[in-house]
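**Student:** One structure is given below, represented as structure tokens, and several questions about it will come after.
The values are calculated or read from the model by the stated rules, or taken from the named source; none is laboratory data. These numbers were taken from a predicted model, which means no experiment stands behind them. Positions of Cβ are generated from backbone atoms using ideal geometry, with glycine treated the same way; all protein chains shown enter the neighbour counts. Remember, those area values only see protein heavy atoms, side chains included, never the ligands or the DNA or RNA. Shrake-Rupley method; radii C 1.70, N 1.55, O 1.52, S 1.80 Å.
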Amino acid sequence: MALTDNEKMWDTIEEHGAPCKVNLFCDSKKTYTGPGEEYVDLCSIQDKKIPVDLEEIRRGKGNVLWGRLKDGFGWIDLRNVQLAE
């Protein structure tokens, strides 16, 4: 089975590990109290021009990769993101 672009990107982020910075490729990204949408929704990140600092990376339900924000504002799913240079 061939890897999708997201799976390749996730592999790159997992290999790099944390801490790291990612750029968002969506208009907003919800943050949660834990690594999954089953956790409480905290807020949304609106500015995709600023790299987001992650201090921990973990896989959640459905094999989705999640990153814990370094600033303490919860977790984001790592779909539609890319490692910042």
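**Student:** Give the range 48-68 a look and list any residue that's closer than 16 Å to Glu37 by Cβ and of a type outside the set (D, E, K, R), or say none.
**Tutor:** Result: Gly60, Gly62, Asn63, Val64, Leu65, Trp66, Gly67.
**Student:** Taking only pairs six or more apart or across chains, which ones have beta-carbon atoms under 9 Å, a first residue in the range 40-62 that is in a strand (DSSP E or B), and a second residue that is open to solvent by 90 Å² or more (accessible area, probe 1.4 Å) and at pLDDT below 80?
**Tutor:** The qualifying pairs are Ile57/His16.
**Student:** Just to be sure I understand, how many residues within the range 16-58 are open to solvent by 70 Å² or more (accessible area, probe 1.4 Å) and touching a strand residue (DSSP E or B) at 6+ places or on another chain (Cβ under 7 Å)?
**Tutor:** 13
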